[in-house]
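Data first, discussion second: the structure below is written as structure tokens.
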Amino acid sequence: RVRVAVLISGAGSNMAALIDACQAADALYEVVLVVSNDPEAGGLAVARSKGVATVAIDHKPFGKDRAAHEADIQAELEAASVEVIALAGYMRLLTPFLVNRWEGRMLNIHPSLLPKYPGLDTHARALEAGDAEAGCTVHLVTEGVDEGPILDQQAVPIVAGDTPRTLAQRVLTAEHGLYPRALASFCARIRNL
Ligand code: GAR
């Protein structure tokens, strides 16, 4: 099974969905490590409760030296023999240090139908634009933020009375279905299955 690390910064609900899905007997991947840049991230305890190893590498002591922070992350990934990284609500911009090392083997989930609305505040922007639907995208990570090749997407309707909050919740539920599916397909592809 493909050895996956999930990088988080927050609640980790996508991380939990990825872990739950890989507990099936025929799963193609295994989450071997969860890394957070925020020692307070709620997802760390969730991962531990599911029996997955965690490490918190606080970015704050590194100041502006993002690459040094990433070098510590890289050391943990190597120690765990990680093969694929899944970013799941990891809210730090990555530098070429990690992006280039993991080119073609790092996935991200983004809460919009890319190429629409890269960056932040995706739901408010979709509502503001009067869109009829929103959604989420799993893509490969490249140096351009939210620009890498799209692997899969899931649309959800926008309904009357939606706020950024209600829409975010509907999209998040779709993310929990999309991400495990997209990661499994990706792993099948890299294993030539
Ligand atoms: C998710 O909606 C994810 O798509 C988004 O943050 C949320 C994390 O929730 N990611 C980004 O905005 C990346 N720029 P989670 O911690 O419960 O998975």
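The values are calculated or read from the model by the stated rules, or taken from the named source; none is laboratory data. Keep in mind it's a predicted model, so treat the numbers as computed, not measured. All Cβ positions, even for glycine, are placed from backbone atoms using ideal geometry, and neighbour counts span all protein chains on display. The area values use the complete protein model at the heavy-atom level, side chains included, leaving out ligands, DNA and RNA. Shrake-Rupley method; radii C 1.70, N 1.55, O 1.52, S 1.80 Å.
One table, with the values for the structure above:
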quantity	calculated
Length released on extending from Asn192 to Ala56, taking residue separation times 0.36 nm less the Cα-Cα span	45.6 nm
Distance cut-off 18 Å, percentage of C-alpha pairs in segment 26-175 lying past it	62
Top of Ala25, Ala124, Ala47 by mean-square fluctuation, Gaussian network on the chain, Cα under 10 Å	Ala25
Förster radius 25 Å - calculated FRET efficiency between Ile150 and Ala71 (Cβ-Cβ, nearest 0.05)	0.30
Segment 115-193, relative contact order [Cα under 8 Å, separation at least 6], %	29
Relative contact order (%) - segment 8-88, alpha-carbon pairs under 8 angstrom, separation at least six	31
Relative contact order [Cα under 8 Å, 6+ residues apart], the chain, whole percent	20
Highest-fluctuation residue, Val84, Val159, Val171 considered, GNM on the chain with Cα pairs under 10 Å	Val159
Solvent exposure, largest accessible area first (probe 1.4 Å, DNA, RNA and ligands not counted), of Ser49, Ser185	Ser49, Ser185
Where labels lie 7 Å past Cα in the beta-carbon direction, separation of Glu40 and Thr95 in nm	2.6
Inter-probe distance in nm under a simple model that places probes 7 Å from Cα toward Cβ, at Glu30 and Arg3	0.9
For Tyr29, residues with placed amide H under 5 Å, excluding near neighbours	Val2
Theoretical gain in end-to-end length, Arg181 to Ala129 [0.36 nm per residue, Cα-Cα removed]	15.8 nm
Cβ-based charge dipole, the chain, positive-most Cα from Cys187, Ala132, Ala11	Cys187
Inter-probe distance in nm under a simple model that places probes 7 Å from Cα toward Cβ, at Arg165 and Glu143	4.1
Test item: Cα-centred dipole of segment 11-70, Lys/Arg +1 and Asp/Glu -1 on Cβ, debye	140
Bridge type composition, the chain - antiparallel percent by DSSP, nearest 5	40
Ordering of 73-81, 38-46 by packing [mean C-beta count within 10 Å, highest first]	38-46, 73-81
Karplus-derived 3J(HN,Hα), 6.51/-1.76/1.60, for each residue of segment 117-126, Hz, glycine and proline x	6, x, x, 9, 6, 4, 6, 4, 5, 5
Student exercise, segment 78-164 dipole from Lys, Arg, Asp, Glu Cβ charges, in Debye to nearest 20	160
